[in-house]
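First comes the structure, then the notes that go with it.
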Amino acid sequence: MKIGIIGLGNIGRVHAKNIQDGLVKNAEIVAVANQPIESMDDFRKQGIACFPDAGELITSGLAEAVIVALPTHLHAPIGIQAMEAGLHLMMEKPLACHTAEGERILAAKQQDGQVAALMMNQRTHPCYVKIKQWMDEGAVGELQRVSWTMTNWFRPEIYYQSSPWRATWKGEGGGVLMNQCPHNIDVLQWLVGMPSKVRAHCSFGKYHDIEVEDEVTAYFEFVNGATGQFSASTGESPGSNRLEIVGDLGTVITDGNTATLIRNSESVSAFSRNTDEMFGAPETTEEIYEPAEAVNQHAAILNNFIQAANGEADLIAPADEGLNSLELAGAMIYSTWINDKVQLPLDSAAYETVIQGKIAQSKPRTVTQTAAKVDMSKSYR
């Protein structure tokens, strides 16, 4: 598969290295696009075509597929152009700044065999893969409650000063929900499905000099009556990562390092109806899963992308499923703005109208001289 990479920031170069190191099978980088032109000198020396403009790469005819690793506000125009050109598309997370943009990318698809995927690499995280297996097997039973506290995304002020698009409505369409937590939101709905109602409180610039949200607490309601809670922050340190999924037959708990399944001997509802023990509870057994080894998640998603484009596999992370995480993030932000509960599915047109107002007033961040020199190699976004 002849691949073009559009955007050679931190994550774009991670994808390039994975391909060039042979970790992505049956793939070859034939073109890259980035600015300034000098930033591609290392690729030019390898005989790889270099373009200062993404559109030139897309229309060059060199690539069969493109990886788009640009700031979020460029995802929609470049993604649409790639889809209209009939190329297979791998989009970095999130799919777009909001749901309506994401819908336009997908609507630009030209043919049935054309593949559009999203770099939701956490779907290959061993703990989440194991939990997905447990959920699909019915080990937890009917969902009662889900809770995810994801507050170990601490970012100091200098992080936001490193790029003009960071933490702006125009550049990202949001803050912690759109930059740090798309993976968590995606995994959440991948495991338990989408809620039917959302009530959230987002704090905008609570801990940082930014215009978007850096702390979120949300409450979910599901069709079957189950409830959920989601908390995220870039202002806490050390913060924590704890996911709990509680069902009638058991409970799953993970911190991202290990996953634990606590099985009930019988369903809670049946035990409650039938026991004659006033303080009784079902007996439990515990299964602990510890990943044997780390997984190169980005390479795993790219390998699956190539296989899907060749008709050899189903996508692990189809781009259309990226609409769910956009919708859920948008619903949390929208709920805060209207100070009320939001019914899902979210009205993407109504949300676009509101966020376009925010974008119109959005201002690019000032990149400080110190921040411009900061080493971002340990941060993908």
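The values are calculated or read from the model by the stated rules, or taken from the named source; none is laboratory data. The structure presented is a predicted model; accordingly, all values stated were derived computationally and were not measured. All Cβ positions, even for glycine, are placed from backbone atoms using ideal geometry, and neighbour counts span all protein chains on display.
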State whether the residues of segment 264-284 include one that is of a type outside the set (Ser, Thr, Tyr), part of a strand (DSSP E or B), outside the structural domain of residue 17 (by TED's automatic domain parsing) and in contact with a Phe, Trp or Tyr (Cβ under 7 Å, 6 or more places away or on another chain). no
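So if I check each of 325, 335, which one is modelled with pLDDT of 95 or more, polar (S, T, N, Q) and touching a Pro at 6+ places or on another chain (Cβ under 8 Å)? So that I can check it myself, show each step before the final result.
Details: 335 fails: touching a Pro at 6+ places or on another chain (Cβ under 8 Å).
Selected residue: 325, the only one of 325, 335 that is modelled with pLDDT of 95 or more, polar (S, T, N, Q) and touching a Pro at 6+ places or on another chain (Cβ under 8 Å).
Output the residue which, of all residues in segment 174-218 that are of a type in the set (A, V, I, L, M) and assigned to a helix (DSSP H, G or I), is farthest from the chain's Cα centre (by Cα). Please lay out each step first, then the result.
First, the residues of segment 174-218 that are of a type in the set (A, V, I, L, M): 176-178, 185, 187-188, 191-192, 194, 198, 200, 210, 212, 216, 218.
Within this subset, residues satisfying the condition of being assigned to a helix (DSSP H, G or I) are 185, 187-188, 191-192.
Numbers: 185: 7, 187: 8, 188: 10, 191: 14, 192: 16 Å.
The selected residue is 192.
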Out of the residues in segment 12-35 that are without any contact (Cβ under 8 Å) to a residue 12 or more places away in the chain and of a type outside the set (Gly, Ala, Ser), which is farthest from residue 74 (Cα to Cα)? 21
Among the residues of segment 322-329, are any closer than 30 Å to residue 250 by Cβ and free of Cβ contacts under 8 Å to residues at least 40 places away in the same chain? no
Tell me which residues, restricted to segment 331-353, are part of a helix (DSSP H, G or I), over 15 Å from residue 174 (Cβ atoms) and not small (Gly, Ala, Ser). 338, 353
Could you list, in sequence order, all residues of segment 21-79 that are surrounded by fewer than 13 Cβ atoms within 10 Å (Cβ to Cβ) and within 23 Å of the chain's Cα centre (by Cα)? none
Please name all residue pairs, on different chains or six or more residues apart, with Cβ atoms under 8 Å, provided the first residue is in segment 148-175 and is within 17 Å of residue 363 (Cα to Cα) and the second residue is part of a strand (DSSP E or B) and modelled with pLDDT of 95 or more. 167/214; 174/213; 175/204; 175/213; 175/214
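Among the residues in segment 292-314, are any in a helix (DSSP H, G or I) and touching a strand residue (DSSP E or B) at 6+ places or on another chain (Cβ under 6 Å)?
Taking every residue of segment 292-314 in turn, at least one turns out to be in a helix (DSSP H, G or I) and touching a strand residue (DSSP E or B) at 6+ places or on another chain (Cβ under 6 Å).
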Looking only at segment 357-368, count how many residues are under 15 Å from residue 172 (Cα atoms) and loosely packed, with under 15 Cβ neighbours inside 10 Å. 5
Subset of segment 282-307 (residues that are among the aliphatic types (A, V, I, L, M), touching a helix residue (DSSP H, G or I) at 6+ places or on another chain (Cβ under 7 Å) and surrounded by fewer than 17 Cβ atoms within 10 Å (Cβ to Cβ)): 295
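Scanning segment 229-259 for residues that are aliphatic (A, V, I, L, M) and either in contact (Cβ under 8 Å) with a residue 24 or more places away in the chain or part of a loop (DSSP other than H, G, I, E, B) (or both), which turns out surrounded by the most Cβ atoms within 10 Å (Cβ to Cβ)?
If we filter segment 229-259 for residues that are aliphatic (A, V, I, L, M), which is where we start, we get 232, 243, 245-246, 249, 252-253, 259.
Okay, now just the ones that are also either in contact (Cβ under 8 Å) with a residue 24 or more places away in the chain or part of a loop (DSSP other than H, G, I, E, B) (or both), so 232, 243, 245-246, 249, 252, 259.
On the way: 232: 28, 243: 23, 245: 25, 246: 20, 249: 21, 252: 25, 259: 24.
By that ranking, first place goes to 232.
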Failed item in (1) surrounded by fewer than 14 Cβ atoms within 10 Å (Cβ to Cβ); (2) of a type in the set (A, V, I, L, M, F, W, C); (3) over 25 Å from the mean Cα position of the chain (by Cα), with residue 313 passing the rest: (3)
